[in-house]
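Note sheet for the following structure.
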Amino acid sequence: MAVTSSATTRSPRRRCAARSTCPRNPYGDKPHAAARRRDGEVTTRGPAPAAGRHLTPCQVWAKGTATGAATGTVKGTASGHSTTIYRSQPGRPQELRARERPVRRHPGDSDTVTTPSTPRPAVAFIPPSCCGAGYFRRLRRELGDRVTFHALELPGHGRRYQETPLTDATAAVADLAARIDTPLDALYGESLGAYLALGVADVLKQERPPLLLAASNSPPSVRDRIDLEGLDSIESAVAALRAMGGEIPPEVLSDPELAAGAYPLMRADLHLGQSCIDLVRGSAAAGNLTVFAGADDTALTRLESWAAHTRGRCDVTPLPGGHLLSATNPAGVAERVLEALARG
């Protein structure tokens, strides 16, 4: 009986396609596996290989991270990669093998050491009247991961819709301040939120006072009191809100069902707005103040008088947009917020 033997087909040797041009290949056309022996050590570029694997510099993803710190000495290089010196181990070849199948490493692997990133500034955002935290969703997308975003909302608003709305500014400020559990770099408030942010800045106990960002509102010190008697209809509530410089989205007013549902909250926020004016009329924030003013917001007046509401520097920043600034120009607001944070 004839015995037929079949030869095992071996896979072709894996090599970097850019052998001679790769800036991390000091050996020209020679395989990247070439390494130097020195005093019983093997020196190579890139992260440490996994147990039982011997990798080449071009077979790992090492940019910006240093791996293998547990088995070798990690040294930084100007290229952003790392140079690791591995101690030779008994029974282990001291030359790297290019034909070994590569093992890709990803950030978050157990043997990856991640360089700490710069802490992101923490910013709390307080929305306009009749709005919840969801009002800032477009602004939040624009800012991305460049800030730690804290969107606040009052009882009766947003996800807290089942709670009774507040009409007293002192209670509203205390409620918002109680929801801040980390030191803030800045407080951003829009429309009614600008007055609430000024009140919250007064009660926060921080070693370094936060930067105050006041958008879409005139200084409380120049506001006159509004007659809030007889708010017995949606039309009267809208008129009073506009007299205070506020605005209701047109899609709410054009839908009778939405308008009827918004009326109780609108009436409560009108009383809260008047209470806020009385509370912060003479307040001055300890930190610097930046005022954001939309070019199409015709209700804004005497913005330079915001300087009376800070013991630091006051900057007035005009930008395109309407009264609901974060809704009409979220990209512009995001840019100005980052600029204000950079100024401090």
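What follows draws every value from the coordinates through simple rules; no lab data is involved. Bear in mind the structure is a predicted one, so any value in this text is a computation, not a measurement. Cβ coordinates were reconstructed from backbone atoms using ideal geometry, including for glycine residues, and neighbour counts include every protein chain displayed.
The tail of the calculated P(r) for segment 112-193, taken as Cα-Cα distances beyond 23 Å, holds 27 percent of the pairs. Compactness of segment 122-343, taken as the C-alpha radius of gyration over 2.2 N^0.38 Å, stands at 0.94.
Dipole magnitude for segment 221-344: about 740 debye, using +1 per Lys or Arg Cβ and -1 per Asp or Glu Cβ, origin at the Cα centre. With unit charges on the beta carbons (Lys and Arg positive, Asp and Glu negative) and the dipole taken about the Cα centre of segment 202-344, which residue among Ala285, His271, Ala240 sits farthest to the positive side? The residue sitting farthest along the positive end of the dipole is Ala285. Remark on Ala285: its backbone amide H falls under 5 Å from those of Thr310, Arg311, a criterion applied only to residues 5 or more positions apart or on other chains, H modelled at 1.01 Å from N. Relative to the current alpha-carbon distance between Glu304 and Thr182, full extension at 0.36 nm per residue lengthens the span by 40.8 nm. A simple charge model with +1 on the Cβ of Lys and Arg, -1 on the Cβ of Asp and Glu and nothing else charged puts the dipole of segment 122-343 at about 700 debye relative to its Cα centre.
Apply the a/c threshold of 1.5 to the C-alpha gyration tensor of segment 213-330 and tell me whether it is rounded, prolate or oblate. Oblate, since a/c reaches 1.5 and b/c is not below a/b. Each Cα pair under 8 Å and six or more residues apart adds its separation to the average, and for segment 122-343 the resulting relative contact order is 24 percent. Across segment 223-321, C-alpha contacts under 8 Å between residues 6 or more apart give a mean separation that, scaled by the residue count, equals a relative contact order of 24 percent.
Per residue, the convex hull spanned by the Cα atoms of segment 128-168 amounts to 73 cubic angstrom.
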